[in-house]
1. Which of (1) surrounded by fewer than 16 Cβ atoms within 10 Å (Cβ to Cβ); (2) part of a helix (DSSP H, G or I); (3) modelled with pLDDT under 90 is the odd one out, the single condition LYS104 does not satisfy?
2. Yes or no: PHE80 among the aromatic types (Phe, Trp, Tyr) and more than 22 Å from GLY193 (Cβ to Cβ)?
3. What about VAL33, is it crowded, with 19+ Cβ neighbours inside 10 Å, free of Cβ contacts under 8 Å to residues at least 60 places away in the same chain and in a helix (DSSP H, G or I)?
4. Of the conditions (1) modelled with pLDDT of 95 or more; (2) of a type outside the set (D, E, K, R); (3) in contact with a Lys or Arg (Cβ under 7 Å, 6 or more places away or on another chain); (4) in a helix (DSSP H, G or I), PRO74 clears all except one; give me its number.
5. Could you say whether any residue in the range 109-125 is among the hydrophobic types (A, V, I, L, M, F, W, C), modelled with pLDDT of 95 or more, over 18 Å from HIS58 (Cα atoms) and crowded, with 20+ Cβ neighbours inside 10 Å?
6. Among LEU49, LEU39, which is the only one that is part of a helix (DSSP H, G or I) and crowded, with 18+ Cβ neighbours inside 10 Å?
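The values are calculated or read from the model by the stated rules, or taken from the named source; none is laboratory data. What you see is a predicted model; the values in this text were computed from it and never measured. We place every Cβ from the backbone using ideal geometry, glycine too, and count neighbours over all the protein chains shown.
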Amino acid sequence: MSDAEIVEQTIAFVKETLMGAEGGHDWFHIRRVFNNTLLIAKDEKVDILVVSLGALLHDIADAKFHGGDEKIGPRMAREFLNSLGVPKKTIAHVVKIIKHISFKNSLSKTKRPFNSRELQVVRDADRLDAIGAIGIARAFNYGGFKNRTLYDPDIQPKLNMSKEEYKKSEGPTLNHFYEKLLLLKDGMQTKTGKKIAEGRHQFMLDYLQQFYDEWNGRL
């Protein structure tokens with residue numbers, strides 16, 4: 001099976017698996033991350049098949065929709081890629097990307113020695129979809145999915161949370177901007193990711209100012 005056929009089969013698998021998923025983590029999110037990945041990869045020396053599969057499968061079973069189980073996603077990806085006869089080395093790399101891509105894992109105090117340019121490309125691509133106009137829409141969509149308050153001035157954002165604290169956080173959606181979204185720009189690892197993130201970050205700052213103005217009746 002050619003690389004193109006592997007990617008085509010993976011796209012079909014992801015579309016079917018994520019049918020009916022929460023709107024911020026559905027097939028359209030995967031497609032945007034996939035497109036971001038290919039864009040960023042143009043200026044990077046990376047294995048295109050690895051980054052393509054990493055992007056397509058990175059949220060195949062997001063732990064927060066599976067009782068916090070962080071093993072199910074990597075396991076599903078490995079089983080699927082094995083069924084296609086993908087080389088073991090490629091599968092191992094893709095699985096490592098899935099295991100290490102999430103923001104919450106960057107909060108862990110445990111040392112995580114794995115890193116690769118492929119991981120950096122897919123991680124930047126995923127984080128770009130978490131900021132800017134779409135990032136704002138995704139944040140409020142998930143907040144609604146979890147029935148969270150939009151904003152409560154009496155509940156302050158929790159900064160410098162541990163991984164476990166972050167996983168358990170149930171604060172207002174606006175707090176998520178300070179607990180994650182506004183932190184992503186400075187963590188970008190690729191030239192293209194950094195460039196795109198600048199504009200999307202500023203959009204979020206402008207949005208927050210507008211939000212506070214409207215909340216406090218200043219307009």
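1. The number of the failed condition is (1).
2. yes
3. Judged against the criteria, VAL33 is not a match.
4. Going through (1) modelled with pLDDT of 95 or more; (2) of a type outside the set (D, E, K, R); (3) in contact with a Lys or Arg (Cβ under 7 Å, 6 or more places away or on another chain); (4) in a helix (DSSP H, G or I) one by one, PRO74 breaks only (1).
5. no
6. Values: LEU39 fails: crowded, with 18+ Cβ neighbours inside 10 Å.
On inspection, the qualifying residue turns out to be LEU49.
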